[in-house]
Amino acid sequence: MRTVPGATGHVVVVGAGLSGLSAALQLAGRGRSVTVVERYSFPGGRMGQADIGGYRIDTGPTVLTMPDIIEEAFAAVGASMSDHLELLPVDPAYRATFADGSALDVHTDGAKMATAIEAFAGPEQAAGYQRLRAWLTDLYRLEFDGFISANFDSPLSLLTPQLARLAAIGGFRGWERMVAKFITDERVQRIFTFQALYAGVPPQQALAAYAVIAYMDTVAGVYFPRGGMRAVPEAMAAAAVAAGVQFRYESTVTALERSGSRVTAVRTSQRDRIACDAVVLTTELPLTYQLLGRTPRRPIKLRPAPSAVVVHVGCPAVGQRLAHHNISFGGHWARTFDEIIRDGVLMSDPSLLVTRPTAGDPSLAPAGRDLLYILAPAPNLEAGVVDWASERESYARRVVATAAERLLPGLADDAEILDIVTPADWARQGMAAGSPFALAHTFGQTGPFRPANTVRGIENAVLAGGSTVPGVGVPTALLSGRLAADRVAGVVSDRSAKRTITRSGSR
């Protein structure tokens, strides 16, 4: 594995998102002096925050999985996650509702989920689920160390015995087709394939290797931090400060100084010049290459993932009528992908994710109120033909009305729209093509074919974040920070935080 040559005593990390925080903790734990430069006044990056009318809003991801990867970041500096962060298990992980009026609670406990599926779709589907669960676990075990959490210097790095084993269990077949080998009920299939939206590829076209995302939230479990999702980056930043990492908030990087093939200093909007031996860039890919003055040549144009519209809603407390995470599937699920990816139009029969963070922490809303986060997949600005300046308000109201009709009759009358985020808003935050999901996980943008975390010709700059390896999502963002640290400081063979793999039965 290529590493940064020469001195690496002082590293500047650009961006205090999850990947930047992970890199900072890993580097500090390996004896490096670290300075983190962040444009906002708080840490989090895509895991952002907003306080509106007494509501404490998480503006980014709402689903948290694989807490052992977070624990690993704390352990890098000898800290314990439990001393900084309280994670609450979410059960059910999701409540799925379908166009035929049926509903299924998704449990991560194997026996509990098998019982739920048997009652929902019959004993054959329950037995198929148990086999699928075992396959997902095998898939994850094969992929994690050899692919997801590994640096690649070239595609030839893939040629290992693990690759053959992954192919043998179907990792390079279609995701939807592999799930259908175990489960034939279309509704239950969706529980284990909808995660393709996160990867930016239709389930029918996605590699089965990406079904590890389904492992993460349907087998390993879903969690929620007390204090909201923002509590994760805030806790990581606190642990970093305790380990000696310096943070410079409200400071935007404007230029990189170079001498030959090395970056020698970072310049900021505050007119600071921060000398460095190496730099970790977690900025959006277009800005990253602009700062470096170098764009790698690729034979095929990079393809951004689809985007989303998020509507933050305050409403009277709804009690148990809503779970923490609720997926409302439209009747024309397959058509959704054609509309938002191929045609660039809004969903004609929306599928929605409705999250109620106040189910986990009521203090996130005023007394007697609930906070809802409604996400509707949408075309990105590159593929889309939507005029968001004129559609923003009306589409947000339609999204709320659809969620109300399906899940909470009467919500539309009592809902208070607190904030709306469209692809145009994501773009104003610097996200390429207005997508918070970065680059789609097509085959040509997977593993060593994804934009690398090293840049040819610049020997001490390393990339991290959703646009580089290993990809999009909370666990992978954290891993990208560790992979960047490995490039700077070398691999640590004995990690103090060990992963646990759940197979079946109780967790």
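Would you check which residues across region 170-195 are in contact (Cβ under 8 Å) with a residue 24 or more places away in the chain and among the hydrophobic types (A, V, I, L, M, F, W, C) and list them? Selection gives PHE172, TRP175, MET178, VAL179, PHE182, ILE183, VAL188, ILE191, PHE192, PHE194. Of the residues in region 187-203, none is touching an Asp or Glu at 6+ places or on another chain (Cβ under 7 Å) and over 22 Å from ALA126 (Cβ atoms). Residues in region 372-393 include none that are more than 30 Å from LYS301 (Cα to Cα) and touching a Phe, Trp or Tyr at 6+ places or on another chain (Cβ under 9 Å). Evaluate the following for ALA111: is it of a type outside the set (Ser, Thr, Tyr) and in a strand (DSSP E or B)? Spelling it out, it is not the case that ALA111 is of a type outside the set (Ser, Thr, Tyr) and in a strand (DSSP E or B).
Tell me, which residue of region 335-392 that is assigned to a helix (DSSP H, G or I), surrounded by 20 or more Cβ atoms within 10 Å (Cβ to Cβ) and polar (S, T, N, Q) is modelled with the lowest pLDDT? If we take residues in region 335-392 being assigned to a helix (DSSP H, G or I), surrounded by 20 or more Cβ atoms within 10 Å (Cβ to Cβ) and polar (S, T, N, Q), then THR336 is modelled with the lowest pLDDT. Residues that are closer than 27 Å to ALA96 by Cβ and surrounded by fewer than 20 Cβ atoms within 10 Å (Cβ to Cβ) within region 286-326 comprise PRO316, ALA317, VAL318, GLY319, GLN320, ARG321, listed in sequence order. For region 454-488, filtered to residues that are in a loop (DSSP other than H, G, I, E, B) and over 23 Å from ALA206 (Cβ atoms), the residue that is least open to solvent (accessible area, probe 1.4 Å) is ALA464.
Given the criteria modelled with pLDDT of 95 or more, open to solvent by 10 Å² or more (accessible area, probe 1.4 Å) and of a type in the set (Val, Ile, Thr), does ILE417 qualify? Yes, satisfied. In region 231-243, the residues that are within 12 Å of SER80 (Cβ to Cβ) reach residues that are part of a helix (DSSP H, G or I) and at pLDDT 95 or above with C-beta atoms within less than 7 angstrom, at least six apart or across chains, in these pairs: ALA235/HIS84; ALA239/LEU25; ALA239/PHE74; ALA239/HIS84.
If the condition is being open to solvent by less than 10 Å² (accessible area, probe 1.4 Å), out of contact with any helix residue (DSSP H, G or I) (no Cβ under 7 Å at 6 or more places or on another chain) and either of a type outside the set (Ser, Thr, Tyr) or in a helix (DSSP H, G or I) (or both), then region 91-108 contributes no residue at all. Which residue out of GLY384, GLY410, GLY368 is of a type outside the set (Val, Ile, Thr) and under 30 Å from GLY174 (Cα atoms)? Result of the check over GLY384, GLY410, GLY368: GLY384.
Reported count of residues in region 428-446, each being surrounded by fewer than 20 Cβ atoms within 10 Å (Cβ to Cβ) and touching a Leu at 6+ places or on another chain (Cβ under 7 Å), is 2. Report yes if LEU302 is at pLDDT below 95 and closer than 21 Å to GLY44 by Cβ, otherwise no. No.
Would region 32-42 turn up any residue that is farther than 19 Å from ASP277 by Cα and either without any contact (Cβ under 8 Å) to a residue 12 or more places away in the chain or touching a helix residue (DSSP H, G or I) at 6+ places or on another chain (Cβ under 6 Å) (or both)? No; the residues of region 32-42 include none that is farther than 19 Å from ASP277 by Cα and either without any contact (Cβ under 8 Å) to a residue 12 or more places away in the chain or touching a helix residue (DSSP H, G or I) at 6+ places or on another chain (Cβ under 6 Å) (or both).
Matching residues to (1) surrounded by fewer than 19 Cβ atoms within 10 Å (Cβ to Cβ); (2) in contact (Cβ under 8 Å) with a residue 12 or more places away in the chain; (3) under 28 Å from SER80 (Cβ atoms):
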| position | (1), (2), (3) |
| --- | --- |
| SER251 | no, yes, no |
| LEU256 | no, yes, no |
| SER259 | yes, no, no |
| ARG267 | yes, yes, no |
| VAL280 | no, yes, yes |
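Of the residues LEU159, LEU163, LEU139, the single one that is farther than 25 Å from THR97 by Cβ and without any contact (Cβ under 8 Å) to a residue 12 or more places away in the chain is LEU159. Taking helices (runs of 4 or more DSSP H) as the structural unit, those lying wholly within region 129-241 and holding at least 3 residues that are modelled with pLDDT of 95 or more and open to solvent by 10 Å² or more (accessible area, probe 1.4 Å) correspond to 175-182, 186-191. Of everything listed in (1) open to solvent by 30 Å² or more (accessible area, probe 1.4 Å); (2) touching a Leu at 6+ places or on another chain (Cβ under 7 Å); (3) not in a loop (DSSP other than H, G, I, E, B), the single unmet condition for ALA412 is (2).
As a summary of the residue check, ALA404 satisfies the conditions (1) part of a helix (DSSP H, G or I); (2) touching a residue at least 40 places away in the same chain (Cβ under 8 Å); (3) open to solvent by less than 30 Å² (accessible area, probe 1.4 Å) except for the one numbered (2).
The values are calculated or read from the model by the stated rules, or taken from the named source; none is laboratory data. Model, not experiment: these values are computed from the prediction. Here the Cβ is made from the backbone with ideal geometry for all residues, glycine too, and neighbour counts use every protein chain on show. The protein model used for the area step is the full one, side chains on, heavy atoms only, and it has no ligands, DNA or RNA in it. Shrake-Rupley method; radii C 1.70, N 1.55, O 1.52, S 1.80 Å.
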